[in-house]
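The structure appears below as structure tokens.
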Amino acid sequence: MTVQLLANTLVGLALVVFLAVRQASWQSVDPTRVWRGPLVLGGVGIVLLARSAAVVTTLDVVLLAVEAIVAVGLGLAMGSLTRFRTTAEPDRRGRTLQARTGWAGAGCWIALIAVRVVLDVVGGHLGAHLLTSTGAVLLTLAVNRAARALVVDQRMPRAARGMMVP
């Protein structure tokens, strides 16, 4: 195992732990930002994918479609697992609405990452190299977060949606 591979593995594991803890912890919700993350991730992912010099094969498209379907399914599940609460003490930005998906949501993150890694390895062995691009990773995350945002936006307490500033 090379030092670079070991470093990438450690960074990846640290990221998984960080995301799992965030999913299980109560986080302040800003209704105006529910869609911002997926839009930014998707935009950057599309630009990076367009810039990649990889040749797009049928296998790339099939594996990307499978990954997108899994990302949407897990995003919808994460959105439905999201629980809301209001706090008496507003955070430093004045927000009182909090949300979390709990450890089940953390499990969904881990499942998404596991599927991503498996498809990446399988695709690499079969000659589909588009999946390994940063753009494809960002698009997968954007699709997952957009599916989650769709459900969260519909389930968010009405009072919180009224806080949205145009």
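Among the candidates 51, 33, single out the residue that is over 18 Å from residue 148 (Cα atoms), of a type in the set (Lys, Arg), open to solvent by 90 Å² or more (accessible area, probe 1.4 Å) and at pLDDT below 90.
51
Among (1) without any contact (Cβ under 8 Å) to a residue 60 or more places away in the chain; (2) crowded, with 18+ Cβ neighbours inside 10 Å, where does residue 89 come up short?
Of (1) without any contact (Cβ under 8 Å) to a residue 60 or more places away in the chain; (2) crowded, with 18+ Cβ neighbours inside 10 Å, only one is false for residue 89: (2).
Which one is farthest from residue 119 (Cα to Cα) among residues in region 58-83 that are of a type outside the set (A, V, I, L, M) and open to solvent by 50 Å² or more (accessible area, probe 1.4 Å)?
83
When region 36-48 is examined, which residues are found to be surrounded by 16 or more Cβ atoms within 10 Å (Cβ to Cβ) and among the small types (Gly, Ala, Ser)?
42, 45
Name the single residue that is farthest from the chain's Cα centre (by Cα) among those in region 129-147 being open to solvent by 30 Å² or more (accessible area, probe 1.4 Å) and over 14 Å from residue 68 (Cβ atoms).
Per the stated criteria, the residue is 129.
Condition first: closer than 21 Å to residue 18 by Cα and among the small types (Gly, Ala, Ser). Now tell me which residues in region 81-113 satisfy that.
Once the filter is applied, which keeps residues that are closer than 21 Å to residue 18 by Cα and among the small types (Gly, Ala, Ser), region 81-113 yields 99, 102, 104, 105, 106, 107, 111.
The values are calculated or read from the model by the stated rules, or taken from the named source; none is laboratory data. Source: prediction; values computed, not measured. Cβ coordinates were reconstructed from backbone atoms using ideal geometry, including for glycine residues, and neighbour counts include every protein chain displayed. The protein model used for the area step is the full one, side chains on, heavy atoms only, and it has no ligands, DNA or RNA in it. Shrake-Rupley method; radii C 1.70, N 1.55, O 1.52, S 1.80 Å.
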